[in-house]
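S.K.: Quick one: the structure is below, questions incoming.
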Amino acid sequence: MTDTSRQENREAFVMENMDGKKEDETTEEVPFKVENINVASAIEAKERDKASRPGKEGRVKGFRSWLAKPRVMWWIAVMLAILLITVVLIITLLAMKDSPETYQDTTPRLMMVLPRPKGPYQLIQFRHGSLPHEGAAWPILVNELSSLMSNYDSKLNIDRNRTECFGQLPPDGYACYFDTSQISPDCRANNFYGYQDGTPCIFLQFPNITGWKPQPYNTRDLEMNRYLPKELRYGYNPAFAFIDCQGDTDIDKENMGPVLFMPEQGFPVNFFPYTSHPDYMPPLVVIRFRQPKTGVAISITCKLWAKNVSHQYDVVPSGVTRLTLLID
């Protein structure tokens, strides 16, 4: 073989090798180009998705720009003003509901407290002492009791269609006369019903509930009912509907001190039932607080005891009444 032939074969071999490398390079670059195209498409799709759905930051900015609009701010201010006025009105109505001037216990009860307690706590409050510097408020309470007693102490009371009943029912056409002569002078107007001295007298009066009449206990009732007051079980007098007043707690009982009931510790049963007689005199029980503690609120519950009396506070009629005594 000549040199020229060898040279031509060598060049042909080199060219074949170079062509193989080019083909190899081409085959290696194809998947790389495809991969670049897929990544770019994914990025582009992600950007389009992000643009089509605003993120949290975008929503916040949009909400702030909406709030910044004058019309929106004006409506928000109006709504806040309405809400504030509504809250103030509700608070005012609740305060008026519980205020002493507006509160009224509307549940019919078998005992009415005089002078009339005030507010939801049924408060009787006054400052004891001599007028004009020491005492306060008690003259109003004394005037209320004096107005009450004027209906019992008048000489005209016995001259009308009233009669002394002496424990019996009144004859037809008459009403029983309620004798107040056995009420102590300590609970009279000339002693200011004890309010000046801080030993007040509180009156319980039957509120003229038509047709109601107390049913007396029998011996078995007294023996079996262990919830009856001790004074009722061991000293029961069927001629009276027994009344018991106690402090609500042991502290209230201690602060309440000893009390005295006049003229009897109960309503006379011959004053029942109330028949709307124009000259009817509702029976009274007077409670004198002999040594109540001053400067503290004393919660007291009074109960009327008879076989047909309920001691649930909200029943109709209720045999329970409450008061809070505060002496300054």
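S.K.: Compare the Cα positions of 262, 324, 283 along the charge dipole of region 250-328 (+1 at Cβ of Lys, Arg; -1 at Cβ of Asp, Glu; about the Cα centre) and return the one farthest towards the positive end.
M.R.: 262
S.K.: Apply the Karplus parameterisation 6.51 cos²θ - 1.76 cosθ + 1.60, with θ equal to phi minus 60°, to every residue of region 229-240 and state each ³J(HN,Hα) to the nearest whole Hz, in sequence, with x for glycine and proline.
M.R.: For region 229-240, the Karplus curve yields x, 4, 5, 6, 5, 9, x, 5, 10, x, 7, 9 Hz.
S.K.: While we're looking at this one, here's another question. Non-local amide H neighbours of residue 195 (under 5 Å, H modeled in plane, Pro and chain starts lacking H): which ones?
M.R.: Hits under the 5 Å cutoff: 201.
S.K.: How much accessible surface area, in Å² rounded to 10, belongs to the heavy atoms of residue 144 with a 1.4 Å probe?
M.R.: Around 60 Å² of this residue is reachable by solvent.
S.K.: Next question. Apply 1/(1 + (r/R0)^6) to the Cβ-Cβ distance of residue 143 and residue 81, taking R0 = 45 Å, and write down the FRET efficiency to the nearest 0.05.
M.R.: Once rounded, the FRET efficiency stands at 0.45.
S.K.: If you don't mind, another one. Quote the relative contact order of region 247-293 in percent (integer), defining contacts as alpha-carbon pairs under 8 Å separated by 6+ residues. Mind dumping the intermediate values first?
M.R.: Working: 46 pairs, mean separation 25.4, N = 47.
Computed value for region 247-293: 54 percent relative contact order.
S.K.: With 23 Å as the limit, write out which pairs from 213/303; 118/230; 118/213; 118/307; 118/253; 213/253 have Cα-Cα distances beyond it, or answer none. All intermediate terms of the calculation are to be shown ahead of the outcome.
M.R.: Numbers: 213/303 16 Å; 118/230 31 Å; 118/213 29 Å; 118/307 30 Å; 118/253 21 Å; 213/253 30 Å.
Violating the 23 Å limit, Cα to Cα: 118/230; 118/213; 118/307; 213/253.
S.K.: Which percent of the accessible area of region 253-328 is formed by carbon and sulfur heavy atoms (probe 1.4 angstrom)?
M.R.: Here it works out to 46 percent.
S.K.: Roughly how many nanometres apart are two label points built 7 Å out from the Cα toward the Cβ at residue 294 and residue 248?
M.R.: Label-label distance for residue 294 and residue 248, simple model: 2.4 nm.
S.K.: Right, here's the next one. Along region 309-318, what does the Karplus equation 6.51 cos²θ - 1.76 cosθ + 1.60 (θ = phi - 60°) give for ³J(HN,Hα), rounded to whole Hz, x for Gly and Pro?
M.R.: Listing the rounded values in order: 10, 9, 9, 7, 5, 9, 6, 10, x, 9 Hz.
S.K.: Would you pull out the residues with amide H under 5 Å of residue 242's amide H, same chain only if 5 or more places away, H placed 1.01 Å from N?
M.R.: The list, which skips near neighbours in sequence, is 305.
S.K.: Using the Karplus equation 6.51 cos²θ - 1.76 cosθ + 1.60 (θ = phi - 60°), what ³J(HN,Hα) coupling, rounded to whole Hz, does each residue of region 173-182 give in order, writing x for Gly and Pro?
M.R.: x, 10, 10, 6, 7, 8, 7, 9, 5, 8
The values are calculated or read from the model by the stated rules, or taken from the named source; none is laboratory data. Since the structure is predicted, the reported quantities are computational estimates derived from the model, not experimental observations. Here the Cβ is made from the backbone with ideal geometry for all residues, glycine too, and neighbour counts use every protein chain on show. All accessible areas refer to the heavy atoms of the entire protein, side chains included, with ligands and DNA or RNA removed. Shrake-Rupley method; radii C 1.70, N 1.55, O 1.52, S 1.80 Å.
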